[in-house]
1. Assuming R0 = 41 Å, can you tell me the calculated FRET efficiency for the pair Arg108 and Thr207, based on Cβ-Cβ distance, to the nearest 0.05?
2. Percent antiparallel among DSSP beta bridges with both residues in the chain, to the nearest 5?
3. Can you list which of the chymotrypsin sites (Phe, Trp or Tyr not before Pro) found in region 158-224 are DSSP loop residues with at most 16 other C-beta atoms within 10 Å?
4. Accessible area of the chain with a 1.4 Å probe: how many percent of it is carbon plus sulfur?
5. Modelling each spin label as a point 7 Å along the Cα-to-Cβ direction, I'd like the Gln123/Ala13 distance in nm, to one decimal.
6. Looking at region 31-72, what % of the alpha carbon pairs are farther apart than 17 Å?
7. Can you give the local net charge around Asp175? Use residues other than it whose beta-carbon is closer than 15 angstrom to its beta-carbon, Lys and Arg +1, Asp and Glu -1.
8. Calculated from the structure, log10 I(q)/I(0) by the Debye sum over Cα atoms at q = 0.09, 0.12, 0.14 Å⁻¹ equals which of (1) -0.51, -0.72, -0.86; (2) -0.34, -0.62, -0.87; (3) -0.41, -0.65, -0.84?
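The values are calculated or read from the model by the stated rules, or taken from the named source; none is laboratory data. Quick caveat, the model's predicted, so the values are computed rather than measured. Here the Cβ positions follow ideal geometry from the backbone for every residue, glycine too, while neighbour counts run over all protein chains shown. With ligands, DNA and RNA removed, areas are computed over all heavy atoms of the protein, side chains included. Shrake-Rupley method; radii C 1.70, N 1.55, O 1.52, S 1.80 Å.
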Amino acid sequence: SNGEFALLQRSLAHTNAPVVFDIGANVGEWALQMQRLNGSAHIHCFEPCADTFATLQANLSQQLEHHITANHLALGSTPDSLELQIYGATSALNSLYSRAVLGQVLERQVIQVDTIDRYCQRQQIDRIHFCKLDVEGHELEVLKGAQQLISTGSIDAIQFEYGGTYIDAGILLKDVFEFFASSPYRLFKIFPNGLQAIDSYHVGLETFQYSNWVALRDSDCRAS
């Protein structure tokens, strides 16, 4: 209803064997929806929370042999070990950043972090058709870890969230615009009735209200 599924249909419904990254896969609902949309898709899921990852594997158990790869791993700007703050066993709100609004942290887990560029080198992936980021404020760091692929336009579409989690992470939407400024991409805000191109940053965009955005390659925008 918020326009995300329409974007997926437009981008991938008729693409043969697209490579899809589900970063912040949680328990696999998005990945399963993606597979229903395009059964030929090769989906790479990334989920760092141990309990959530176990549920993800269970939910995808029938699909793991059908082009879905589940990675117990976080993605960021550099390889590292970081502390994940757990607010619930399978909570979609678990974060690398303190989130006072959510109350008491139930647990802290040390997680492994890699980058998109390094993962793709290991897996011999030279193109990602669709990359979805839902990482509770860590979006910019994940983008930085895909600098090589982004600089060459090797990711067709990058969907990411924006909202109050950016306050927790100490970043702004402005920082994301600056990151993409020298790249071959154009930014769009996702609405229920379609995409709205936002060609330049202005302070009125900085609402910290939940919204979804997508970066599309300039060449694809011109072609359409």
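1. Working: r = 31 Å, r/R0 = 0.74.
Step by step, r from the Cβ atoms, then E = 0.85.
2. Values: 23 of 42 bridges.
Within the chain, antiparallel bridges account for around 55 percent of the total.
3. Numbers: sites: Phe160, Tyr162, Tyr166, Phe177, Phe179, Phe180, Tyr185, Phe188, Tyr201, Phe208, Tyr210, Trp213; in loops: Tyr201, Phe208, Tyr210.
Here the chymotrypsin sites (Phe, Trp or Tyr not before Pro) that fit, given the DSSP loop and packing criteria, are Phe208, Tyr210.
4. Values: 4980 of 10480 Å².
The nonpolar share, carbon plus sulfur, comes to 47 percent.
5. Placing both labels 7 Å beyond Cα along the Cβ direction yields 2.5 nm.
6. Values: 199 of 861 pairs.
Here the tail beyond 17 Å accounts for 23 percent of pairs.
7. Numbers: positive: Lys144, Lys174; negative: Glu139, Glu141, Glu161, Asp168, Glu178, Glu206.
With Lys, Arg at +1 and Asp, Glu at -1, the net is -4.
8. After the calculation, the listed value that fits is (2).
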